[in-house]
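Heads up: the structure comes next, in structure tokens.
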């Protein structure tokens, strides 16, 4: 497997070459379904911020569920150009998850980190920096690909993020999944959290 890009230009090349088109496949849909139901059942589909939105696949999955407002942010402008969103309810912004700032006064009912936190040295710190952008009853959805090797760098990052969000003085864990696709032979770790205020 080739190494992922690390710059906006590199990500643009990958999206333009179609490297990430597989994310539209049926075996990828399970995690989108879980995220969608989490947001639906917590009544947080009103204002969704999707960090690392890529081509806007989460938007496509949430729109039929009653999504009211969506902001997708990604490092790759080419991915945002591929996205097919309704500009009446959706905005796409180029940016980096480590430095992204919403518009003044803008807050969100849900913030989603779907397969993007592998690109953070300290995923717990990245997630924590978004808490001020949440509405009072807002939630944060986390999804991370978990390789088969327990000692992989990705699994070490997941362990650090889960340890950070296990802190009951800061986080309320609303749901926790280990999602396995037998079709793809892939596992994802997923968690829905709410900051303790």
Practice item. Go ahead and run the numbers for FRET between residue 101 and residue 81, Cβ-Cβ distance against an R0 of 25 Å, rounding to 0.05. Key: 0.65
Check your understanding: Want the number for residue 63 to residue 177: 0.36 nm per residue separation, take away the alpha-carbon distance, what's left?
Key -> 38.7 nm
Review point. How many angstrom separate the Cα center of the range 149-172 from the Cα center of the range 87-114?
Key: 24
Check your understanding: For the chain, modelled as a GNM with alpha-carbon contacts under 10 angstrom, which of 144, 65, 73 fluctuates the most?
Key -> 65
Practice item. Out of all DSSP beta bridges with both ends in the chain, state the antiparallel percent to the nearest 5. Key: 45
Revision key, fill the gap. Residue-normalised 222 nm signal for the chain, counting each DSSP H run of n ≥ 4 as -39,500 (n - 2.57), nearest 500 deg cm²/dmol, is -7500 deg cm²/dmol
Study note, to complete from the structure: Per the rule of 0.36 nm per residue minus the C-alpha distance, extending residue 43 to residue 169 adds in nm 43.0 nm
Practice item. Would you please state which residues of the range 48-63 a label at residue 91 would reach in this model, taking the label point 7 Å out along Cα→Cβ and a backbone N cut-off of under 18 Å? Key: 48-54, 56, 59
Review point. Can you tell me the Rg and the Dmax, both Å, for the Cα atoms in the range 8-195?
Key: 15.5, 45
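Readers should treat all values here as calculations from the given coordinates under stated rules, not as data from a laboratory. All values derive from a computational prediction rather than experimental measurement. Heads up, the Cβs are rebuilt from the backbone with ideal geometry, glycines too, and the neighbour counts pull from every protein chain shown.
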